[in-house]
Amino acid sequence: KQEVTQIPAALSVPEGENLVLNCSFTDSAIYNLQWFRQDPGKGLTSLLLIQSSQREQTSGRLNASLDKSSGRSTLYIAASQPGDSATYLCAVRPSSNTGKLIFGQGTTLQVKP
Amino acid sequence: DAMVIQNPRYQVTQFGKPVTLSCSQTLNHNVMYWYQQKSSQAPKLLFHYYDKDFNNEADTPDNFQSRRPNTSFCFLDIRSPGLGDAAMYLCATSSGETVEKLFFGSGTQLSVL
């Protein structure tokens, strides 16, 4: 059974710091991995999608990497800003279970001015 | 230019009183999903449709049902809401069930009194 874990559960950093959020998954048989952002009481905003054949994806100050063999992904945020404060969720799409995204519980990030 | 639209944004219902949540999409995607997210937890898939083919998760309670009358609309019916059904309900779409990206709506926050 695929399980997704995100560590740490919460993170507080001063503005301007570079930071890394971690995601691990137990089964490497995946189609892709997707990172989302969720603001309090809101829906999910897709940040980056990495297909299983890819190693990384970049969008602005965000860079996500994927090491499928070790079951790990990282989300790197450069020069963090208070507006980056949110919960970040990673989710994998198992190739053994059509359609389903399996989520981690998220890392809640606070960036202090 | 919202692509996945959920209504209402907030829904309050009484214990045992049926409630319907709605989702519409302008993306013409084949697949629509309903996720339940309880406070500080990972989103959990309830069911999804590929076109009109309905796929129910094994652990989705019978109290939850869904309808997809056409490509654009999908409804979540909760027949007899209990206090434990209070949650954020997230609708998502994708063009396929494997490598495609998921797009989420802004969610409906359900309260049960």
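The values are calculated or read from the model by the stated rules, or taken from the named source; none is laboratory data. What you see is a predicted model, and the numbers here were worked out from it, not measured in a lab. Every residue, glycine as well, gets a Cβ built from its backbone with ideal geometry; the counts of neighbours run over all protein chains shown. Just the protein is used for accessible areas: all its heavy atoms, side chains included, with ligands, DNA and RNA removed. Shrake-Rupley method; radii C 1.70, N 1.55, O 1.52, S 1.80 Å.
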Name the residues of region A:4-47 whose accessible area, probed at 1.4 Å, falls by at least 10 Å² once all protein chains are in place instead of their chain on its own? A:Tyr31, A:Asn32, A:Gln34, A:Phe36, A:Gln38, A:Gly41, A:Lys42, A:Gly43, A:Leu44, A:Ser46
List the relative contact order of chain B as a percent without decimals, with contacts defined as Cα pairs under 8 Å and 6+ residues apart. 38 percent
Using every pair of alpha-carbon atoms in chain A, split the distances into 10 Å bins beginning at 0 and state the percent of pairs per bin, rounded to integers. 15, 49, 29, 6, 0
Convex hull over the Cα atoms of the protein assembly as shown, averaged projected area in nm²? 12.2 nm²
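Could you work out the local net charge near A:Asp39, counting Lys and Arg as +1, Asp and Glu as -1, over the other residues with Cβ closer than 14 Å to its Cβ?
+2
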Considering only protein heavy atoms and a probe of 1.4 Å, how much of the accessible area of chain A is carbon and sulfur, as a whole percent? 46 percent
Accessible-area composition of chain B, carbon plus sulfur, in percent [1.4 Å probe]: 50 percent
In the full protein assembly as shown, how much of A:Ile50 is accessible to a 1.4 Å probe, in Å² to the nearest 10? 0 Å²
What residues in region B:84-111 lose 50 Å² or more of accessible surface when the other protein chains are added to their chain alone (1.4 Å probe)? B:Glu97, B:Thr98, B:Val99, B:Lys101, B:Leu102, B:Phe104
If one builds a Gaussian network model of chain B from Cα atoms under 10 Å apart, the most fluctuating residue listed among B:Ser66, B:Ser95, B:Ser22 is B:Ser95
Where only protein heavy atoms count, and the probe is 1.4 Å, what is the accessible area per residue for chain B in Å²? 47 Å²
What list of ³J(HN,Hα) values in whole Hz, one per residue of region B:53-69 in order, does the Karplus curve 6.51 cos²θ - 1.76 cosθ + 1.60 (θ = phi - 60°) give from phi, with Gly and Pro shown as x? 6, 8, 10, 9, 6, 4, 9, 6, x, 5, 4, 9, 9, 9, 9, 9, x
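How big is the B-A contact in terms of buried accessible area, both chains counted, 1.4 Å probe, rounded to the nearest 100 Å²? Could you put the intermediate results ahead of the total?
Numbers: alone 6190 and 6130 Å², together 10540 Å².
Heavy-atom accessible area buried at this interface is about 1800 Å².
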